[in-house]
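The values are calculated or read from the model by the stated rules, or taken from the named source; none is laboratory data. Quantities reported herein were computed from a predicted structural model and do not represent experimental measurements. Virtual Cβ from ideal backbone geometry, glycine too; neighbours counted across all protein chains shown. Just the protein is used for accessible areas: all its heavy atoms, side chains included, with ligands, DNA and RNA removed. Shrake-Rupley method; radii C 1.70, N 1.55, O 1.52, S 1.80 Å.
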Amino acid sequence: SNKHKVYRKHTIPIRMLIILLIITSISIIAFFSFKSIIDKKIMNSSIVAQKLIKLNELVTTKYSYTKLLEVRNDRQFNGVSIPFTQKYFMLQYDGYIKAGIDLSILDIKINNNTNTITLKMDHSKILDDVINQESIHIYDEKSGLFNRLVLSDMVDEITAQKSIVENEVVKKGFLKESDLNANVLIEAILKDMGFRNINIVYNQI
């Protein structure tokens, strides 16, 4: 009877130990299986591309401006202004320019062994140049007797100024700033996806 009691006392812990080992083994197997699935998703370049392409055009920089525009125009003959043909206007308006990366054009390479991703893409470009029509304020205008001032005159001048403003901000480093901002944003996205080593390479212009 005493021997039987001793046997029972020893068998209970052994059974618990076996059950504990089985549960632990199952947990370890499940953990690594789940981790393997996640790693496969992270290391799949097509999935990375899909996530980035969903962003379409990544706007990284915005430049707002106010423009005062003064235009005089007259008709000439042999370099001499013709009387009563001068037209004139002065107006002010607000606008903004957005720059960013076109993420529909990407070249992605992934190294599974080092958990490294190399992303090759185009430099930033101007994505939008918008004039706030409600902000247009005409200070002065004058029509020539033989050269009438019409709305299209103002529209044409404002449109021509858009490219001038774009060139000015590009010379000041607007697109370079956009590239730097894009690096920060894209690296944050890729790190959130699990990548430790990130290389961003730009195509030559």
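Quick notes on this structure:
- Residue in region 144-151 that is open to solvent by 40 Å² or more (accessible area, probe 1.4 Å) and either modelled with pLDDT of 90 or more or among the small types (Gly, Ala, Ser) (or both) present: no
- In region 106-140, the residues that are farther than 23 Å from LEU185 by Cα, open to solvent by 60 Å² or more (accessible area, probe 1.4 Å) and either part of a strand (DSSP E or B) or among the hydrophobic types (A, V, I, L, M, F, W, C) (or both): ASN132, GLN133, GLU134, ILE136, HIS137, ILE138, TYR139, ASP140
- Counting only residues that are open to solvent by 50 Å² or more (accessible area, probe 1.4 Å) and among the hydrophobic types (A, V, I, L, M, F, W, C), region 173-187 holds 3 of them.
- In region 95-105, the qualifying residues are those that are open to solvent by 60 Å² or more (accessible area, probe 1.4 Å) and more than 12 Å from TYR63 (Cβ to Cβ), and the one that is farthest from the chain's Cα centre (by Cα) is ILE105.
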